[in-house]
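The values are calculated or read from the model by the stated rules, or taken from the named source; none is laboratory data. For clarity, every value in this text was computed on a predicted model and none was experimentally measured. Backbone-built Cβ (ideal geometry, glycine too); neighbour counts: all protein chains shown. Keep in mind that these areas ignore ligands, DNA and RNA; they rest on the heavy atoms of the full protein, side chains included. Shrake-Rupley method; radii C 1.70, N 1.55, O 1.52, S 1.80 Å.
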Amino acid sequence: MAQRDKQTPLPSPHPPPQAQPKPKPKYEPRPVEKVKDPIISQIGDFRRYQLFFFLIIVLCKFGSGWHTLVHIFLAAHTPQKCLTENVTDACSKDCKKMEFDTSIFQTTIITEWNLTCHRHSLASLSQSIVMTGIMVGGMAFGMLADGWGRRPAFLLCCFMQLVTGLIVCVSPYFWFYCVFRFLVAVATGGTMTVSFVLIMEIIGPKKRELIGILYQIPFNIGHASLALFAYYIRTWRWLQFSVTIFSAIFVIYICLVPESPRWLLTTGRVDKSVKVLERIARHNRAPTETIKPEIEAAYQAMASKQPTKKGNVLDLFRTPYLRLKTILMANNWLVVCMVYYGVAQYIAKLGGDIFLNVLIAALLGIPGTLLCVVLTKYLGRKLTLMLSNGLSAIGLLLLVFLYKSKQLYQVICATVGLFGASITFPNVYLYGAELFPTVVRSNGMGLCSMVGRIGGLVAPLINELSWYGAWITPLIFGIASILAVLGTIFLPETRGMPLPETLEDGEKFGRKVKT
């Protein structure tokens, strides 16, 4: 019996389960180069997510070009003639009946509300109201983005642009039209400022200059495409509708645009910043294990320097070096908007085909923008800005001495000035975004945009001075460009540098250390 008990038990018909191999990850994480910037150290300098994010955000720039410059066709010059017998002046008191020439445009706001004769200045006033709205919007949404977040500010201005733009299409009265064009412009100013900040805050220094400059090209394309829209749509209400309805695509932003992880970090929302960064890292096939400890460590280091607080526009002027940089950058914006819009109006008034004139003037900005990519990469932001302002100054000051010469020579000089401004425009966006610290970056860009719109407001007034002397207008633009060159000498170079985060970083950034 004992022997039976010691018999070896029969093997089980079901073998014991073997350990299953661990499933392979969906992707092999690609290491991220660790740099001084804690955000870029987690998601990479410029990978697939940053490219996707750029491509969807840049859609709003088409609308910026359309809504800013569509006035050229909404209020296009519409000739009129008097139908009263023996009266040729349509503005004469003896003219009892007149009609508009609708051979080019079927309807404009000029024909809609009879903005002629003693009311002709109201058309220009409506565009001044638009530029004022862009100025207010850039500043207001910049402050909203710094205080309450980039995402809510961006979504608000996008949908505000859609709704108010559609209301403009059904305007019953001129002043109703002006009010809602102002609101459209406020929203447009917001999209210009906040969208650029959103993009710049997740892109590393290696690609920042390229993306920051290419971001401006859709504005030029939007400007140029207005000529095509207006060529096929000769009624102002449907033209306004056609440039507004595109904004319906912005509904995708609700799902695709997260809050800026950089803003979340600098305002103390570390956990939310980590979640956004982990999602971006997965899209970029970057490691996610170290994000939480490294971001928490970066926040502790940042908090030890300066307590976290929401920035405001006054912070830009509290310390001497940051104040100087703010004033000089704002001056560059003032000059480029003044020169760009002023000279573009000069070229547009040379006569001929209005559609062709607008198309050429708009397309001129594209080679200038592309050249800016090369120059800022190899020469830096500072030297490029000095050269482009200098080029504008040369062309415009030559025009001072050639104002009595052939029209061809005047056009060439004006074109040189405009081409220089087309290089300057994308550079001031890039340079400004890199110069201001994160806690007040939207405020700084909003302030610069506001000052730039003042330049756009005074440009038509400066053009009017040509009635007193044809040399006065280019002289003012040329001197302004020279002053911009001189002021840029005192700005620091930002190429390849990590973005300043706090106000303390902003004050120290670019300051030479005494040894």
Cysteines without a disulfide-compatible partner [the chain; Cβ-Cβ under 4.7 Å]: Cys60, Cys157, Cys158, Cys169, Cys178, Cys255, Cys337, Cys372, Cys413, Cys448
Rounded tilt (10° steps) of 270-283 against the dominant C-alpha axis of the chain: 90
Nearest-ten-degree value, helix 150-168 long axis tilted from longest Cα axis of the chain: 40
Relative contact order of the chain, pairs being alpha-carbon contacts under 8 Å that are 6 or more residues apart, as %: 21
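Would you work out the Kirkwood radius for the range 198-322? I mean one over the mean of 1/r across all pairs of different Cα atoms, in Å.
On the way: mean 1/r = 0.0538 Å⁻¹.
Computed over the range 198-322, the radius equals 18.6 Å.
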Accessible-area composition of the chain, carbon plus sulfur, in percent [1.4 Å probe]: 67
Separation of alpha-carbon centers, the range 31-78 and the range 93-163, rounded to whole Å: 24
Accessible area of Asp271 in the full protein assembly, 1.4 Å probe (Å², nearest 10): 90
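Ranked highest first by average number of other Cβ atoms within 10 Å, how do 450-458, 137-145 line up?
On the way: 450-458: 22.6, 137-145: 25.6.
Top to bottom by mean Cβ count within 10 Å: 137-145, 450-458.
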Once the Cα gyration tensor of the range 151-267 is diagonalised, semi-axes √(5λ) in Å: 30, 18, 11
Entries in Lys207/Lys292; Lys36/Lys292; Lys275/Lys382; Lys382/Lys406; Lys377/Lys508 that, when Cα-Cα distance is taken, lie over 28 Å: Lys275/Lys382; Lys382/Lys406
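As an exercise, identify the GluC sites (Glu not before Pro) in the range 59-167 lying in DSSP coil whose Cβ has no more than 15 other Cβ atoms within 10 Å. Present the calculation step by step, with values, prior to reporting the outcome.
On the way: sites: Glu85, Glu99, Glu112; in loops: Glu85.
Listed in order of number, the matching sites are Glu85.
Using only alpha carbon pairs under 8 Å that are at least six residues apart, calculate the relative contact order of the range 255-343 and give it in whole percent.
Details: 40 pairs, mean separation 18.6, N = 89.
Here the relative contact order equals 21 percent.
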Nearest-ten-degree value, helix 381-401 long axis tilted from longest Cα axis of the chain: 10
Helix-only [θ]222 nm of the chain, DSSP H runs n ≥ 4, -39500 (n - 2.57) each, per residue, nearest 500: -21000 deg cm²/dmol
Normalised alpha carbon radius of gyration of the chain [divisor 2.2 N^0.38 Å]: 1.21
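Compute the accessible area per residue over the range 246-322, keeping the other protein chains in place, probe 1.4 Å, unit Å².
Numbers: 3820 Å² over 77 residues.
Normalised by residue count, the accessible surface of the range 246-322 is 50 Å².
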1.4 Å probe accessible area per residue over the range 382-515, in Å²: 42
Per-residue SASA entry for Glu33, accessible area with 1.4 Å probe, Å² rounded to 10: 110
Candidate aspartates and glutamates for bridging to Lys325, where Cα separation is under 16 Å - those fewer than 8 sequence places away on the same chain excluded: Asp315, Glu434, Glu493, Glu501, Glu504, Asp505, Glu507
Where only alpha carbons of the range 264-323 are counted, the Rg and the Dmax (Å): 14.8, 43
Cα-Cα separations in the range 419-515 greater than 24 Å, expressed as whole percent: 36
Hull-based mean projected area of the range 365-413, where the convex hull spans the alpha carbons, in square nanometres: 3.7
